[in-house]
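The values are calculated or read from the model by the stated rules, or taken from the named source; none is laboratory data. This structure is a prediction, so every number in the text was calculated from the model and none was measured. Glycine also receives a Cβ, built like all others from the backbone with ideal geometry; neighbour counts cover every protein chain displayed. What goes into the accessible areas is simple: the full protein's heavy atoms, side chains included, and nothing from ligands, DNA or RNA. Shrake-Rupley method; radii C 1.70, N 1.55, O 1.52, S 1.80 Å.
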Amino acid sequence: MDGLKVLPSGRPGRGRLYVNRPDGQAVAWYDRQTNRISVLSDGRREDVLAVLRPYLSGDWTIGPPPVPTRAELRRLHLPPDRDLAPNRPGETLLGELEYGAPGGSRARHRMRRQLVALQRTGVELDLLEAEDWRVVHDVPLPGLGLLDHLLIGPPGVFVLRTVPGRRQRAQVGDLLLTVGRAAPAPDPRWIRRAASHASRALASPVTAALCLTDASRVEVAPTLRDVLVLQPPTLTPTLHAAPATLKPPDVEA
């Protein structure tokens, strides 16, 4: 079964169960609310059933991921005249800072710090454009807000959320991310939802990733398998090392 592992996501007993390869790439998921198994490749169907069988109950179904309904497609719709390609990293923050977003000096300082982090990550990602990758920044996700970076390349599709490390220790758990002594933030949960949202929109598996910039140390919970944790110095080497799953025409499509 090539080391397939079952990993929970969401609230215990209610969220999805993901079946992942050892590298963290999902090959299937079991939605306990609908009792349906979605398999991304028919060749893995028997392996997926073998590892999921202890978790199955009642009358379940199995097949490829369901086609989005018309209502779901409307929620995913972006205005047709919105060209995302020219967006710079932190495009929205650039506009807010330039035209005087409401808020005091402390709020503007946080915005500038976030912008620097986005720009640093964006520089690393934009270097991949010369190597058959496509990168889009500041992507609006209806109902979720803004996605910092969308990356499509030979290893597949990735959605990235950038978090400033502020030269402090960062602790990444299954549900929360803590930087220094700041209050924990639900960044891992948010990027999972963004990946699920993008997967429906693109009809393709999407990998969730967090990028920590300028952290003095990054500690990742051993149970966190479905979210990739990156840092700018190792960002491009990690992505280059990922196994290829898409051919150039697929990337363009």
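Things worth noting here:
- Compared with the direct C-alpha span, the chain from K5 to A50 gains 15.1 nm at full extension, assuming 0.36 nm per residue.
- Label sites at L146 and E98, each approximated as a point 7 angstrom past Cα along Cα to Cβ, lie 1.2 nm apart.
- Separation of the V220 and R108 label points, Cα + 7 Å toward Cβ, nm: 3.8 nm
- With a 1.4 Å probe rolled over the protein heavy atoms of all chains, the accessible area of K5, K247 falls in the order K247, K5, largest first.
- Peptides ranked, highest mean first, by Cβ atoms within 10 Å: ranges 158-166, 181-189, 234-242, 143-151: 158-166, 143-151, 234-242, 181-189
- Cα centre as origin, Lys/Arg/Asp/Glu Cβ charges: segment 125-250 dipole, Debye: 500 debye
- Ordering S105, P22, G63 by Cα displacement along the dipole of the chain toward the positive end leaves S105 in first place; charges were set at the Cβ atoms of Lys, Arg (+1) and Asp, Glu (-1).
- Note on segment 137-253: dipole from Cβ charges, positive end direction compared against G153, T238, A183; the farthest Cα belongs to A183.
- Phi to ³J(HN,Hα) by Karplus 6.51 cos²θ - 1.76 cosθ + 1.60 over segment 132-142, Hz, x for Gly, Pro: 6, 9, 10, 10, 10, 10, 6, 9, x, 10, x
- Annotation: for a label point projected 7 angstrom from Cα along Cα→Cβ of Q171, residues of segment 208-235 with backbone N closer than 11 Å are 219-221.
- Within the accessible surface of the chain, defined with a 1.4 Å probe on protein heavy atoms only, the carbon and sulfur portion equals 54 percent.
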